[in-house]
Amino acid sequence: MIPVSGPAVAGEPGAQGAGHRAPRRRLFGAFVLVESGSSVGAAVVFLILSPFHGIRSARRMGRAWPGAGDLNSADRAAVVCATRRGEAIDDPLLAPAVVEYADGLSRVAEEDRLRRPLVLLVTALAIVLAGYDTLTAPTGVLVASWLVVVLLLADFVWWPGRRSRVLTRAERARALALSARPEDRPASDS
């Protein structure tokens, strides 16, 4: 997946603080609570599991967009917003960063495309396991199993269109940035 939540992913350029991760932590914690009935386990998942996803996303985007570290947080946020919206960047000095970020998004999307069959396999296995749980498992496990199936199917159906829109807008922003790069403009005689 392209880290499409963009500025909302911890550590990714433009991150807006820890509050954006609370829904994800609540979801993971709810799965534990429904499946095991353990509020302690849910609390542990809520507090510990989510940062691992944030760290993974930050490292992945760090590899895809190494130049992000050279920008301050306001410039990173401007680059991410302009690129994901498919708009021209207001500051032409940031145009190279838009190009690099758009290229990074394309590389990450290509990596994800290669992993898509694995997502299909995991979805198929989740359906089989949920079917088995329907026949044999207690209610909590049954609910959790079918919620996982719903989430995987939603990801499988919804995500490709979302990714395509993000990449289309990123390519548009890239083209606009290439036409606005300061080194491509004639020097003024002032």
Step through the residues of region 165-173 one at a time and calculate ³J(HN,Hα) from phi using the Karplus curve (6.51 cos²θ - 1.76 cosθ + 1.60, θ = phi - 60°), rounding each to whole Hz and writing x for Gly and Pro. 5, 4, 5, 5, 5, 5, 5, 5, 5
Taking 0.36 nm per residue of separation between LEU135 and LEU27 and subtracting their Cα-Cα distance, the length gained on full extension comes to 36.4 nm
With the alpha-carbon atoms as the only input, what is the per residue convex hull volume for region 75-190 in Å³? 97
How many nm is it between the label spots at GLU87 and VAL40, if each spot is 7 Å from the Cα in line with the beta carbon? 5.0
What distance in nm lies between label points placed 7 Å from Cα along the C-beta direction at ARG59 and THR168? 3.4
How long is region 120-178 along each principal axis, judged by its Cα atoms, biggest number first, in Å? 59, 19, 11
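Read-outs: derived from the displayed coordinates by stated rules, not from any lab. Here the structure is a predicted model, which means the values were calculated and not measured. A quick note on method: Cβ atoms are made from the backbone with ideal geometry, for glycine too, and the neighbour counts reach across all protein chains shown.
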